[in-house]
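Where a number appears in this text, it was derived from the coordinates with a stated rule and is not lab data. Only a predicted model underlies this, so the values are computations on that prediction, with no experimental measurement involved. Because the Cβ atoms are built from the backbone with ideal geometry, glycine has one as well, and the counts that use them run over all protein chains shown.
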Amino acid sequence: MRRIARTDDNQQLIVKQLRQLGCSVAITSMIGKGFPDLVVAYQGKNFLIELKDGSKPKSQKGLTMDEAKFFTAWKGQIDKCESLDEICKVIGIILF
């Protein structure tokens, strides 16, 4: 039986901010098996985002074994981000 998926402390705030910027956001952290935490849609494009908490030590920001396998096997675009700024760079939103 799978345990409840942990979410990063910054996830709730970042999801709220992305939605305020006009993005659609699906929280997918509960899927497990290395699937990224968020699917973000912006201007007709979808982005898979593995969210890590940038305030944590480097040792706690790495990919799990399942996440690393997913990153390696995935044939499309996927990004590991630690902040709203990093996600905006990936999806093409310029913050002032």
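Please arrange Val25, Val40 by how many other C-beta atoms lie within 10 Å of their C-beta, fewest to most. List each step's numbers first, then the result.
On the way: Val25 21, Val40 26.
By the 10 Å Cβ count, ascending: Val25, Val40.
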*Among the lysines, which fall within straight-line cross-link reach of Lys75, defined as a Cα-Cα distance under 22 Å, with same-chain neighbours fewer than 8 residues apart omitted?*
Lys33, Lys45, Lys52, Lys89
*Top mean-square fluctuation among Ser29, Ser55, Ser83, Gaussian network model of the chain, C-alpha springs under 10 Å?*
Ser55
*Tail beyond 17 Å, pair distance distribution of the chain (Cα, percent)*: 48 percent
_Taking a virtual spin label 7 Å from the Cα of Asp66 along the C-beta vector, which residues in the stretch 35-59 bring their backbone nitrogen under 11 Å of it?_
35-36
*the chain, relative contact order [Cα under 8 Å, separation at least 6], %*: 24 percent
